[in-house]
Structures are given as C-alpha cells and as structure tokens.
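J.: Just passing along the structure, written as structure tokens.
FYI, it's all coordinate maths here, none of it is from the lab. Since we're looking at a predicted model, the values are computed, not measured. Quick reminder, even Gly has a Cβ in these numbers, built from the backbone with ideal geometry, and neighbours come from all protein chains shown.
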Amino acid sequence: MEAHLAFEARQTSRSSRPRLTAVQNHLPCLRTVEFDNNATCTWAVTNAHSIANRIDELHLLMQTHKPYVICVTETWLTKDMPDSLFCPSDYSVVRFDRSVALFIHNSLNCSIVPIPTEFADIEMVCVDVTCFDSLYIVVGYYRSGGCSAEAIEYVLSSV
C-alpha cells in the first residue's frame with residue numbers, strides 16, 4: 001500500500017499557501033514561513049510509522065527545531081494511549097487515531113474545525129491556528145490506497 005503524507009496550512013486570505021509534502025519517509029520535512037513583521041513560524045511534517053516507537057525522535061524534533069505546528073501521519077495511536085504518553089506539556093494534540101495527529105504549540109491560539117459527516121471516512125484532522133495575527137486552516141491527513149486524491153482535494157476546498 002502506498003502511503004502519502006501531506007500537510008496543508010492555508011492562510012484564510014488565500015494569498016499565501018505554505019505547503020509541505022513528503023512521501024514514505026520518516027525524516028521530518030520542515031518549512032519556515034516568514035511574515036511581514038520579520039517574524040517566522042516553522043511547520044513540520046513527518047511519517048512516524050508508530051509514534052510509540054519514535055517518542056524520543058518526536059521530542060528531539062520539538063526541542064531542536066521548535067516548530068509551531070507538526071503533522072504526524074501513521075501514528076498508530078489507539079484510544080487506549082493518552083496524549084500524556086507522547087505529547088509534551090508545551091504542545092496540544094488533535095488526533096485521528098491510527099492515522100494522523102497535529103501537534104500545536106501552546107503559544108498559538110487554535111480551535112478544532114469539525115469535519116463534516118460526509119467526510120468521516122477520510123483520515124484527517126483540521127484546526128484553525130492563529131500565528132502572528134494571521135489565521136490559518138491546518139489540515140493533516142493520511143491518504144491510504146482507499147482514498148482518492150480527488151476526494152482529498154474536494155475536502156480541502158470544502159473546509
């Protein structure tokens with residue numbers, strides 16, 4: 001099965017669309033977004049292939065690069081695994097178990113965006129994030145072989 005991992009942060013003004021993508025690797029992909037006031041915000045995406053087996057690597061990524069938002073796919077999390085097992089106190093996590101999790105630094109304002117019921121079969125999470133007075137819609141998803149690219153594009157245009 002081909003695993004795709006992607007992270008989309010879409011500024012609500014649609015003037016800027018930072019986008020990170022990586023396919024089938026466990027190395028984090030980092031992107032720093034620069035703002036008009038010379039502030040920067042680092043975003044990261046990685047495929048964990050089990051967070052439980054990569055907690056130390058995840059924490060090292062957080063400590064070394066200090067990303068504001070991290071999208072992790074193939075988390076392999078279950079409802080029996082509390083956030084406190086893998087999420088440091090300076091981050092909050094929004095997760096779709098087994099598939100994807102978004103880690104948001106607590107210095108950012110964020111709110112969960114509910115996924116419409118017609119998209120319940122797509123393995124994704126969505127949050128609104130305010131970063132340096134700019135509002136972003138952050139969508140993390142895992143596209144397995146059963147989900148078409150067209151379905152993901154439709155969802156992203158609907159959020």
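J.: Does Ala151 count as touching a residue at least 12 places away in the same chain (Cβ under 8 Å), in a helix (DSSP H, G or I) and small (Gly, Ala, Ser)? Even if it seems obvious, please write down each step before you answer.
T.: Working: touching a residue at least 12 places away in the same chain (Cβ under 8 Å): yes; in a helix (DSSP H, G or I): yes; small (Gly, Ala, Ser): yes.
Against the criterion (touching a residue at least 12 places away in the same chain (Cβ under 8 Å), in a helix (DSSP H, G or I) and small (Gly, Ala, Ser)), Ala151 qualifies.
J.: Also: Pick from the stretch 69-123 the residues that are in a strand (DSSP E or B) and small (Gly, Ala, Ser): which of them is surrounded by the most Cβ atoms within 10 Å (Cβ to Cβ)? Reasoning before the result, please.
T.: Residues of the stretch 69-123 in a strand (DSSP E or B): 69-73, 91-96, 100-105, 109-112, 123.
Remaining after also requiring small (Gly, Ala, Ser): 92, 101, 111.
Working: Ser92: 16, Ala101: 25, Ser111: 9.
Restricting to residues being in a strand (DSSP E or B) and small (Gly, Ala, Ser), the top hit is Ala101.
J.: For the stretch 65-85, indicate whether the set of residues that are free of Cβ contacts under 8 Å to residues at least 12 places away in the same chain, over 23 Å from Glu153 (Cβ atoms) and not acidic (Asp, Glu) is non-empty.
T.: Within the stretch 65-85, one or more residues are free of Cβ contacts under 8 Å to residues at least 12 places away in the same chain, over 23 Å from Glu153 (Cβ atoms) and not acidic (Asp, Glu).
J.: Ok, one more. Taking the stretch 34-60 as the search range and keeping residues that are over 14 Å from Leu102 (Cβ atoms) and among the β-branched types (Val, Ile, Thr), which one is surrounded by the fewest Cβ atoms within 10 Å (Cβ to Cβ)?
T.: Thr40
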